[in-house]
Ligand code: UT7
């Protein structure tokens, strides 16, 4: 028997209805549409505004979309992974609640956290479980309610992030399609450049941490930008070389949607025509763990069986990497 490959067999997604446009942001902080668009490529982002709804709400919606469109029986799902930096709560996994709510009653579930690389790393985990033969159906969801950790008086972060979720199902593939290779990295040097200071074991919540706004995302944008530009391009080039892929061979680049300039730098290094670079940053901003699956959700109809996809991401930690996957179906 040949090697089992792990292919994506279904896709789902969800973004909340409320649109936070650059125009609205102009009324909230000292910024303007032109600055935001030229520096980031973002025009608007979606926010989950309803009280009492956390990341699980987004994850469940995306999973239900996948289940409905893919005609999947949730009872057949073996494992539910939720990649997220904004779990509903620190203890009691968001994935467990999500699995139960969608009727995946025969699955086990857990969360995976690696900031903006969570979904990329999650693809590695999901595909390994399939390749090993241990499980047959793995639901991987990337979901983040970034608005729950953003300070909407801080113009350096509130213009960037949005809420959303995307989901994929990994299954064994008999034709060799699916996950082919990965090049994943991390470096703790980045811990101080993109973080939430308080609320963890290092600095538990207190009145002071709330007063000092230490439960919000802090980002040293310039430093993160420098690392992201070079590292995302490096790994994308490496994954091409290692798999003997020319720019003609690559059908699509699916880059983390953090900044248009980082995306373009990666595409340039790969010598890729811009028509092959999938983007929705303009409409959603940076949805952290949801950027990659939301690209699949938005552009699924363009993807054809046999297409060669390169995924690339960079995030806090630092965490980053690229993976290479062949598409398994025509939708
Ligand atoms: O997904 C996780 C990984 N994250 C990333 O990949 C994000 C990486 N970083 C970035 O995308 C960019 O660094 C930002 C979009 C966050 C910022 O863009 P930048 O070109 O690096 O701007 P900057 O931080 O160097 O700031 C340039 C100027 C500053 O003013 P001075 O010091 O030159 O007078 C800022 O104070 O722009 C100012 N500025 C703003 N102006 C208008 C900062 N934020 C804003 C704003 N509106 N929202």
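When residue 29 is tested against (1) assigned to a helix (DSSP H, G or I); (2) touching a residue at least 60 places away in the same chain (Cβ under 8 Å), exactly one condition is not met: (1).
Cβ-Cβ contacts under 9 Å between residues 6 or more apart (or on different chains), taken from a first residue in segment 156-175 that is over 30 Å from residue 34 (Cα atoms) to a second residue that is modelled with pLDDT under 95 and away from the ligand (no atom under 16 Å from the Cβ), are listed as 172/4; 173/4; 174/2; 174/4.
Of the residues making up segment 242-268, those that are over 15 Å from residue 323 (Cβ atoms) and within 16 Å of the ligand (Cβ to nearest atom) number 10. Selection over segment 254-273 of residues that are under 17 Å from residue 162 (Cβ atoms) and part of a helix (DSSP H, G or I) gives a count of 3.
Would it be correct to say that residue 310 is surrounded by 24 or more Cβ atoms within 10 Å (Cβ to Cβ), within 30 Å of residue 176 (Cβ to Cβ) and in contact with a strand residue (DSSP E or B) (Cβ under 7 Å, 6 or more places away or on another chain)? Yes; evaluated as a whole, the condition is true for this residue.
Look at (1) surrounded by fewer than 18 Cβ atoms within 10 Å (Cβ to Cβ); (2) within 16 Å of the ligand (Cβ to nearest atom); (3) in contact (Cβ under 8 Å) with a residue 60 or more places away in the chain and you find that residue 213 fails only one, number (2). Would a scan of segment 177-186 turn up a residue that is away from the ligand (no atom under 12 Å from the Cβ), assigned to a loop (DSSP other than H, G, I, E, B) and either modelled with pLDDT of 95 or more or farther than 30 Å from residue 14 by Cα (or both)? Scanning segment 177-186 turns up at least one residue that is away from the ligand (no atom under 12 Å from the Cβ), assigned to a loop (DSSP other than H, G, I, E, B) and either modelled with pLDDT of 95 or more or farther than 30 Å from residue 14 by Cα (or both).
Select from segment 187-202 the residues that are touching a helix residue (DSSP H, G or I) at 6+ places or on another chain (Cβ under 6 Å) and either part of a strand (DSSP E or B) or surrounded by fewer than 17 Cβ atoms within 10 Å (Cβ to Cβ) (or both) and list them in ascending order.
Across segment 187-202, the qualifying residue is only 194.
Of all residues in segment 138-157, those satisfying the criterion of being more than 12 Å from the ligand (Cβ to nearest atom) and crowded, with 24+ Cβ neighbours inside 10 Å are 138, 139, 140, 141, 142, 143, 145. Among the residues of segment 84-107, those that are under 15 Å from residue 137 (Cβ atoms) and surrounded by fewer than 22 Cβ atoms within 10 Å (Cβ to Cβ) comprise 103, 105, 106. Annotation note: of 59, 95, the sole residue that is in contact with a helix residue (DSSP H, G or I) (Cβ under 6 Å, 6 or more places away or on another chain), part of a helix (DSSP H, G or I) and in the same structural domain as residue 152 (by TED's automatic domain parsing) is 59.
Condition check for residue 61 on (1) within 16 Å of the ligand (Cβ to nearest atom); (2) touching a strand residue (DSSP E or B) at 6+ places or on another chain (Cβ under 7 Å); (3) more than 30 Å from residue 229 (Cβ to Cβ): one failure, at (1). Pairs are defined by a Cβ separation below 6 Å, a sequence spacing of at least 6 or placement on different chains, a first member in segment 33-49 that is part of a helix (DSSP H, G or I), and a second member that is crowded, with 17+ Cβ neighbours inside 10 Å; the pairs so defined are 33/22; 36/22; 36/42; 36/159; 40/259.
Being modelled with pLDDT of 95 or more and under 17 Å from residue 216 (Cα atoms) is the requirement here; does residue 109 meet it? Let's see the steps before the verdict.
Numbers: modelled with pLDDT of 95 or more: yes; under 17 Å from residue 216 (Cα atoms): no.
In short, no.
When residue 222 is tested against the conditions (1) more than 16 Å from the ligand (Cβ to nearest atom); (2) out of contact with any helix residue (DSSP H, G or I) (no Cβ under 8 Å at 6 or more places or on another chain); (3) without any contact (Cβ under 8 Å) to a residue 12 or more places away in the chain, the lone failure is (1).
When you scan segment 117-132, do you find a residue that is at pLDDT 95 or above, assigned to a loop (DSSP other than H, G, I, E, B) and touching a strand residue (DSSP E or B) at 6+ places or on another chain (Cβ under 6 Å), even just one? For segment 117-132, residues at pLDDT 95 or above, assigned to a loop (DSSP other than H, G, I, E, B) and touching a strand residue (DSSP E or B) at 6+ places or on another chain (Cβ under 6 Å): absent. Applying the condition of being more than 15 Å from residue 294 (Cα to Cα) and surrounded by 17 or more Cβ atoms within 10 Å (Cβ to Cβ) to segment 10-30 and asking which residue is nearest to the ligand (Cβ to nearest atom) yields 25. Filtered by the rule that a residue be part of a strand (DSSP E or B) and either more than 16 Å from the ligand (Cβ to nearest atom) or under 22 Å from residue 4 (Cβ atoms) (or both), segment 166-176 gives 167, 168, 169, 170, 171, 172, 173.
The values are calculated or read from the model by the stated rules, or taken from the named source; none is laboratory data. These numbers were taken from a predicted model, which means no experiment stands behind them. Quick reminder, even Gly has a Cβ in these numbers, built from the backbone with ideal geometry, and neighbours come from all protein chains shown.
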